[in-house]
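**Student:** The structure under discussion is supplied below as structure tokens; questions concerning it will follow.
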Amino acid sequence: MQEVPGYQEEPGVAPDSPTEIFVAMKLSIENWRWQGVPFYLVTGKRLPTRFTQVAVTFRCPPVWVFDPH
């Protein structure tokens with residue numbers, strides 16, 4: 001594994017910089033269609049891999065707008 005400088009040791013970055021360089025969030029949308037569906041966002045500098053994933057699982061909605069038959 002290659003050693004790299006920390007964020008505050010990078011050229012042009014103040015040694016006392018309070019800037020966050022990593023964040024992970026779990027988000028939700030508050031309506032019936034998206035109820036119980038988590039959205040995960042993770043980003044940061046120098047993560048070991050670049051990764052994008054979209055996973056969709058379809059379920060029957062609790063309310064039918066149109067008759068399914």
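Since every read-out is calculated from the coordinates, none of them should be taken as a lab result. Worth saying up front: this structure is predicted, and the values here are computed from it rather than measured. We place every Cβ from the backbone using ideal geometry, glycine too, and count neighbours over all the protein chains shown.
**Student:** Considering only DSSP states other than H, G, I, E and B, which trypsin sites (Lys or Arg not before Pro) in the chain qualify as loop sites with at most 13 other Cβ atoms within 10 Å?
**Tutor:** R33, K45, R46, R50, R59
**Student:** Expressed in nm to one decimal, what extension gain is obtained for the pair M25 and Y7 from 0.36 nm per residue of sequence separation less their Cα-Cα distance?
**Tutor:** 4.4 nm
**Student:** For a test of the definition: using alpha carbon positions, the gyration tensor, and the 1.5 limit on a/c, classify segment 1-51 as rounded, prolate or oblate.
**Tutor:** oblate
**Student:** Relative contact order, percent, of the chain when contacts are C-alpha pairs under 8 Å separated by at least 6 residues?
**Tutor:** Relative CO of the chain lands at 21 percent.
**Student:** Counting other C-beta atoms within 10 Å, and keeping those with at most 12, which DSSP coil chymotrypsin sites (Phe, Trp or Tyr not before Pro) do you find in segment 1-41?
**Tutor:** W32, W34
**Student:** Using the Karplus curve 6.51 cos²θ - 1.76 cosθ + 1.60 with θ = phi - 60°, what ³J(HN,Hα) values do you get for each residue of segment 40-55, in whole Hz, with x for Gly and Pro?
**Tutor:** Each residue's phi maps through the Karplus curve to give 9, 10, 9, 8, x, 8, 6, 5, x, 9, 9, 9, 10, 9, 10, 10 Hz.
**Student:** In addition: So for the pair L41, A14, with labels modelled 7 Å out along Cα→Cβ, what separation do we get in nm?
**Tutor:** About 2.5 nm, to one decimal.
**Student:** Here is a further query. Tell me which GluC sites (Glu not before Pro) from segment 1-51 have a DSSP coil assignment and no more than 14 other beta carbons within 10 Å of their own.
**Tutor:** Here the GluC sites (Glu not before Pro) that fit, given the DSSP loop and packing criteria, are E3, E20, E30.
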